[in-house]
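A.B. asks: Sharing a structure here in structure tokens format.
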Amino acid sequence: MDNNAGTEALLHEAIRENLKKIKGNIEKACREGGHHKNPDDVTIVGVTKTFGAGTVKAAIAAGIENIGENKVQELEEKQAAIGRTCKWHMIGHLQKNKAARIAGRVSLIHSIDSIALLTELERASKKSGAITDVLVQINMTDEITKSGIKPGEVRAFLIQAGRFEWVKVKGLMTIAQYTVVPEETRPVFRNLHKIFIDMGNEKLDNINMEILSMGMSNDYMIAVEEGSNMVRIGTAIFGSR
Ligand SMILES: *Cc1c(COP(=O)(O)O)cnc(C)c1O
């Protein structure tokens with residue numbers, strides 16, 4: 001159809017504009033928070049769930065290098081359409097029985113919440129011949145609707161996670177509860193940043209605390225002010241789902 005080229009140009013333009021605004025906000029949050037010297041130390045993961053491959057292509061064209069998906073099937077479909085021209089992130093809950101489909105295919109899994117899942121990933125990663133980098137998801141507010149390790153159990157979990165050879169822990173992730181007033185989320189981010197620093201200082205065997213994935217469209221500025229170095233942003237870049 002004739003209209004397609006025009007619509008696509010609009011999509012590209014909107015993504016570029018939104019990204020520019022977000023980068024400006026991240027720069028400001030870095031200044032105010034004082035955790036990062038350089039705004040480029042904060043990685044933006046563009047969350048394209050529910051959007052089609054065309055949106056992912058537009059995101060990559062706009063300079064987004066990291067793409068996040070929350071469902072295995074959707075990730076596979078978009079990967080098949082787009083290939084490896086970006087770094088793929090699995091950010092959603094991952095079932096054990098789907099671990100084999102993900103191992104060797106993504107740059108980072110954000111959502112590790114059990115040793116059983118790590119065990120499956122270890123097996124699948126070894127088979128694929130590629131190490132899988134992961135983050136441990138922390139449930140900071142004890143919400144039963146959310147998966148994740150409780151803050152008090154992080155250390156013991158990491159000690160166990162350090163025993164795997166083909167799965168490497170690179171940091172922590174959390175999903176904050178949505179609040180109308182994002183400022184209310186600040187203590188959650190501050191507490192997780194503290195755990196992140198503490199666990200790094202412990203220098204646990206085979207555990208790296210390099211990546212702290214926290215902050216979404218609603219609250220990424222506060223997350224960065226509190227030390228996040230990876231934000232997962234969907235709506236603010238691509239519009240509402
Ligand atoms: C959907 C999703 C995001 C992005 O949410 P927005 O509010 O659209 O920015 C981030 N992280 C996870 C785990 C998600 O599922």
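The values are calculated or read from the model by the stated rules, or taken from the named source; none is laboratory data. Note that the structure is a prediction, hence the values are computed from the model and not measured. As a convention, Cβ positions derive from the backbone with ideal geometry for all residues, glycine included, and neighbour counts pool all protein chains shown.
A.B. asks: Go over the candidates 60, 82, 109, 44 one by one and state the one that is within 19 Å of the chain's Cα centre (by Cα), touching a residue at least 12 places away in the same chain (Cβ under 8 Å) and farther than 19 Å from residue 239 by Cα.
C.D. replies: 109
A.B. asks: Right, something else. Assess whether residue 224 counts as being near the ligand (Cβ under 9 Å from one of its atoms), crowded, with 20+ Cβ neighbours inside 10 Å and either closer than 18 Å to residue 24 by Cβ or within 15 Å of the chain's Cα centre (by Cα) (or both).
C.D. replies: Here the answer is no, as residue 224 does not meet what is asked.
A.B. asks: Would you confirm, using the coordinates I've provided, whether residue 198 is more than 14 Å from the ligand (Cβ to nearest atom), touching a residue at least 24 places away in the same chain (Cβ under 8 Å) and among the acidic types (Asp, Glu)? Full working, then the answer.
C.D. replies: Values: more than 14 Å from the ligand (Cβ to nearest atom): yes; touching a residue at least 24 places away in the same chain (Cβ under 8 Å): no; among the acidic types (Asp, Glu): yes.
Criteria not met by residue 198.
A.B. asks: Check off (1) within 13 Å of the ligand (Cβ to nearest atom); (2) loosely packed, with under 14 Cβ neighbours inside 10 Å; (3) not aliphatic (A, V, I, L, M) for residue 218 and give me the number that stays unchecked.
C.D. replies: Condition not satisfied by residue 218: (2).
A.B. asks: Within region 143-162, identify whether any single residue is acidic (Asp, Glu), farther than 28 Å from residue 13 by Cβ and within 14 Å of the ligand (Cβ to nearest atom), and answer yes or no.
C.D. replies: From region 143-162, those acidic (Asp, Glu) are 143, 153; that's our starting set.
Within this subset, residues satisfying the condition of being farther than 28 Å from residue 13 by Cβ are 143, 153.
In the following step, the residues that additionally are within 14 Å of the ligand (Cβ to nearest atom) were identified as 143.
Scanning region 143-162 turns up at least one residue that is acidic (Asp, Glu), farther than 28 Å from residue 13 by Cβ and within 14 Å of the ligand (Cβ to nearest atom).
A.B. asks: Could you list all residues from region 43-62 that are surrounded by fewer than 22 Cβ atoms within 10 Å (Cβ to Cβ) and either touching a Cys at 6+ places or on another chain (Cβ under 7 Å) or over 17 Å from residue 107 (Cβ atoms) (or both)?
C.D. replies: Of everything in region 43-62, those that are surrounded by fewer than 22 Cβ atoms within 10 Å (Cβ to Cβ) and either touching a Cys at 6+ places or on another chain (Cβ under 7 Å) or over 17 Å from residue 107 (Cβ atoms) (or both) turn out to be 50, 51, 52, 53, 54, 55, 57, 60, 61, 62.
A.B. asks: Collect the residues in region 124-147 that are over 26 Å from residue 229 (Cβ atoms) and touching a residue at least 40 places away in the same chain (Cβ under 8 Å), keeping them in residue-number order.
C.D. replies: Within region 124-147, just 126 meets the criteria.
A.B. asks: If I ask for residues that are more than 15 Å from residue 207 (Cα to Cα) and among the polar types (S, T, N, Q), which ones from region 118-149 would you list?
C.D. replies: Across region 118-149, the qualifying residues are 119, 125, 128, 139, 141, 145, 147.
A.B. asks: From the list 131, 175, 159, which residue is hydrophobic (A, V, I, L, M, F, W, C) and touching a helix residue (DSSP H, G or I) at 6+ places or on another chain (Cβ under 9 Å)? Write out each step before concluding.
C.D. replies: Values: 175 fails: touching a helix residue (DSSP H, G or I) at 6+ places or on another chain (Cβ under 9 Å); 159 fails: touching a helix residue (DSSP H, G or I) at 6+ places or on another chain (Cβ under 9 Å).
That would be 131, the only listed residue that is hydrophobic (A, V, I, L, M, F, W, C) and touching a helix residue (DSSP H, G or I) at 6+ places or on another chain (Cβ under 9 Å).
A.B. asks: Moving to a separate point now. Could you tell me which residue of region 63-79 is surrounded by the most Cβ atoms within 10 Å (Cβ to Cβ), considering only residues that are of a type in the set (Val, Ile, Thr) and in contact with a Leu (Cβ under 8 Å, 6 or more places away or on another chain)?
C.D. replies: 64
A.B. asks: Filter region 43-77 for residues that are within 23 Å of residue 120 (Cβ to Cβ) and in contact with an Asp or Glu (Cβ under 8 Å, 6 or more places away or on another chain); which is farthest from the ligand (Cβ to nearest atom)?
C.D. replies: Filtering region 43-77 for residues that are within 23 Å of residue 120 (Cβ to Cβ) and in contact with an Asp or Glu (Cβ under 8 Å, 6 or more places away or on another chain), the one farthest from the ligand (Cβ to nearest atom) comes out as 75.
A.B. asks: Any idea which of 164, 238 is modelled with pLDDT of 95 or more, aromatic (Phe, Trp, Tyr) and closer than 19 Å to residue 25 by Cα?
C.D. replies: Step by step, each of 164, 238 is checked, and only 238 is modelled with pLDDT of 95 or more, aromatic (Phe, Trp, Tyr) and closer than 19 Å to residue 25 by Cα.
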